[in-house]
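**Student:** One structure, as structure tokens, below. Some questions next.
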Amino acid sequence: MFKKILLSVDGSDHSLRAAEKAIELASLSGAGSIDLLHVVAGNTSKSDVLHHGDSDSASRKRMEKLAPIEGLIENAGLSVNTEVLHGQNGIAEAVVQHANDNEYDILILGSRGLSTVQTMVLGSVSHKVMKHVKAPVLMVK
Amino acid sequence: MNTLAQTKHEWFHNVRGDIIAGVVVALALIPEAIAFSIIAGVDPMVGLYASFSIALVISIVGGRPGMISGATGAMALLMITLVAEHGLEYLLAATILTGILQLIFGILKLSSFMKFIPRSVMIGFVNALAILIFTSQLQHFVDETWIMYALVALTLAIIYLLPRLTNAVPSTLVAIIIVTAIALIMNTGVRTVGDMGALPDTLPVFLIPSIPLTFETLAIIFPYALALTVVGLLESLLTASIVDDMTDTESDKNKESRGQGIANITTGFFGGMAGCAMIGQSVINVKSGGSGRLSSFSAAVTLMFLILVLGNLVVQIPMAALAGVMIMVSIGTFDWQSLMNIHRIPKTDATVMVVTVSTVVYTHDLAIGVLAGVVLSAIFFAWKVSKVEVDKSFADNGTKAVYAVEGQLFFASVTDFLEKIDYSDKINEAVIDVTHSHLWDDSAIGALDKIETKFEQQNIKVSYKGLNRESSKLKEEIGGLSKASGH
């Protein structure tokens, strides 16, 4: 059933919890691999370049941030394909497009849980994703 | 890909996206160009001409397709004194000189020198810029009624809340239209753009600034041009890196420096103020789907068209709406992450950041702030690497002392190093082991010469161990010289 699994993470602690659930699901459904997706928002580009010098160093830092999640998946005996996208129109839009274009069986999301004010201004990424992704979505709190 | 094919790709790979993004950017550029003119103390047309001309020229000669350049706050803030003391013509001359300096910088391929500007200085730079843009708006609140505050609050509310409903139109533009309409209908009598100066009703024309071509003129404009050059390139290359990251492509930083130079030279001759790349507008452009040269071109043409057609309406915009937009710009410019991380980064980095910001806020000059930050970073660096460890041990029944040196030997560390050498030991031979050290300069060689001299005065033989190739080369070249000259 859930053979083609997409795990979308932002690199926070919630990502690790989402990764654990993705691994459980993969072992239940006998999937051999998990696709890992990380989307960089436009404003994140700005602060990352500012803090890490240039685009190359920023990319390296992002891969470092994803390494523990990759490690977790690999230690469970699964292979992992990591993709970092630059969400020019917003994180949710990029996740939705990637998930729909590649016809995943399930999308697993880690939810960061913003405060009410933050959600009001930024909007909820998980909400937008759940609304527009065709595949079933598992949101891990 | 050959040059022609690449040029074609850079212009036309994304025609629809670029044209639409350009229109969105033009709408967002108008209020900023006017507000930055007002900060600099010139008529709004100077900033509008600049944004048109710079965006147009950069679309052709820039090194980073998809990046938007125009009149900016960072540059406007550097011009205030020049405009106040000498007037517009000197500003135009300074703009041309800035362009020439940037062009030279690009031709000499000096963009790699940007690596000497530490990240904490760059973060200080954008934070200081944000603070100055914010404080420059406070003058508009002086002697104003509650209506001003209410309109600014309304502007900000629309800017931040509208994107929750739709992203089809830029929220800054909607805010300006609504607030202008309210001010007109209610006849509030608040100050408007029209009160701040004239708007253009013609296309810019070529003019040579009417200034005396003397050394005295050069002496007036040169310091300003130099500061504008540094700040303009700093912000442009930072923005180029951000666009590189957002679009996951690379760009030619030296070409961009040359392009900024050509754009400023052209702009100065067409009556515009010096400008540079704009972080906020470039992010808006990429987010709106722009990525090619056509996006900047489309923004320039749309901007000029709107000004010529809608000039009469633009003068009705209340200053309150522009102040709201500038407050949004300053909030967006500030790097909030640096505040949240300040307790986690090294204390020296945090100090450099704070000193850069404070220097700018005190002097109102971003260039001086950057200089202070770079100098302080260099001092901290020298201080950190100037720690030398010297480990003394005895061999051959105590007749030989071995000093194992660990660390960098240079002007800042030799004093410490020399204090750790003991000349009162009863020995026949002293060995300086520099296997884990490196001799960097004249002071390091001078220190070794001094040790030799002092030991030799007591008939103690001095030898070295583990001199690496560069160090021994340096010692051969200048060693003994300083000893002979009696140091």
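**Student:** For segment B:15-106, which helices (runs of 4 or more DSSP H) that fit wholly inside it have 2 or more residues that are at pLDDT below 90, of a type in the set (Gly, Ala, Ser) and under 29 Å from residue B:171 (Cβ atoms)?
**Tutor:** On the way: elements: B:15-40, B:44-61, B:73-86.
Helices (runs of 4 or more DSSP H) meeting the threshold: B:15-40.
**Student:** Oh, and also: With respect to residue B:259, is the statement that it is assigned by TED's automatic domain parsing to the domain that holds residue B:58, within 18 Å of the chain's Cα centre (by Cα) and over 25 Å from residue B:194 (Cα atoms) true?
**Tutor:** For residue B:259, the condition - assigned by TED's automatic domain parsing to the domain that holds residue B:58, within 18 Å of the chain's Cα centre (by Cα) and over 25 Å from residue B:194 (Cα atoms) - is met.
**Student:** Across segment A:29-61, which residue is farthest from the other protein chains (Cβ to nearest Cβ) among those that are surrounded by fewer than 19 Cβ atoms within 10 Å (Cβ to Cβ) and touching a residue at least 12 places away in the same chain (Cβ under 8 Å)?
**Tutor:** A:30
**Student:** Can you tell me which residue in segment A:87-108 is farthest from the other protein chains (Cβ to nearest Cβ), limited to those that are crowded, with 18+ Cβ neighbours inside 10 Å and of a type outside the set (A, V, I, L, M)?
**Tutor:** Let us first name the residues in segment A:87-108 that are crowded, with 18+ Cβ neighbours inside 10 Å, namely A:87-88, A:90-92, A:94-96, A:98-99, A:104, A:106-108.
Next, from what is left, pick out any that are of a type outside the set (A, V, I, L, M): A:87-88, A:90, A:98, A:104.
Details: A:87: 9, A:88: 5, A:90: 8, A:98: 14, A:104: 22 Å.
Going through the qualifying residues, I end up with A:104.
**Student:** Checking the structure you have, find out if any residue of segment A:33-53 is assigned to a loop (DSSP other than H, G, I, E, B), more than 13 Å from residue B:246 (Cβ to Cβ) and at pLDDT below 90.
**Tutor:** Applying the first criterion (assigned to a loop (DSSP other than H, G, I, E, B)) to segment A:33-53 yields A:53.
Right, trim to more than 13 Å from residue B:246 (Cβ to Cβ) and you get A:53.
Add one more test, that the residue is at pLDDT below 90, and what stays is A:53.
Yes, because at least one residue in segment A:33-53 is assigned to a loop (DSSP other than H, G, I, E, B), more than 13 Å from residue B:246 (Cβ to Cβ) and at pLDDT below 90.
**Student:** Could you check segment B:428-465 and list, in sequence order, the residues that are in a strand (DSSP E or B) and acidic (Asp, Glu)?
**Tutor:** Across segment B:428-465, the qualifying residues are B:429, B:433.
**Student:** Also, I was wondering about something else. Which one of these is more than 30 Å from residue B:220 (Cβ to Cβ) and among the β-branched types (Val, Ile, Thr): B:80, B:131, B:107, B:123?
**Tutor:** Details: B:80 fails: more than 30 Å from residue B:220 (Cβ to Cβ); B:131 fails: more than 30 Å from residue B:220 (Cβ to Cβ); B:107 fails: more than 30 Å from residue B:220 (Cβ to Cβ).
None of the others qualify; the one that does is B:123.
**Student:** Which numbered condition trips up residue B:265, out of (1) surrounded by fewer than 23 Cβ atoms within 10 Å (Cβ to Cβ); (2) within 14 Å of chain A (Cβ to nearest Cβ); (3) not charged (D, E, K, R)?
**Tutor:** Failing condition for residue B:265: (2).
**Student:** Would you mention how many residues in segment B:309-347 are within 12 Å of chain A (Cβ to nearest Cβ), touching a residue at least 12 places away in the same chain (Cβ under 8 Å) and part of a loop (DSSP other than H, G, I, E, B)?
**Tutor:** 3
**Student:** Can you work out which of the residues in segment A:109-141 that are of a type in the set (Lys, Arg) and surrounded by fewer than 15 Cβ atoms within 10 Å (Cβ to Cβ) is modelled with the highest pLDDT?
**Tutor:** Going through the qualifying residues, I end up with A:134.
**Student:** How many of the residues in segment A:77-107 are within 22 Å of residue A:20 (Cα to Cα) and polar (S, T, N, Q)?
**Tutor:** Residues flagged as within 22 Å of residue A:20 (Cα to Cα) and polar (S, T, N, Q) within segment A:77-107 amount to 3.
**Student:** Scan segment A:65-80 for residues that are free of Cβ contacts under 8 Å to residues at least 24 places away in the same chain and within 17 Å of the chain's Cα centre (by Cα) and report the count.
**Tutor:** Final tally of qualifying residues: 3.
The values are calculated or read from the model by the stated rules, or taken from the named source; none is laboratory data. Since the structure is predicted, the reported quantities are computational estimates derived from the model, not experimental observations. All Cβ positions, glycine included, derive from the backbone under ideal geometry; neighbour counts span all protein chains shown.
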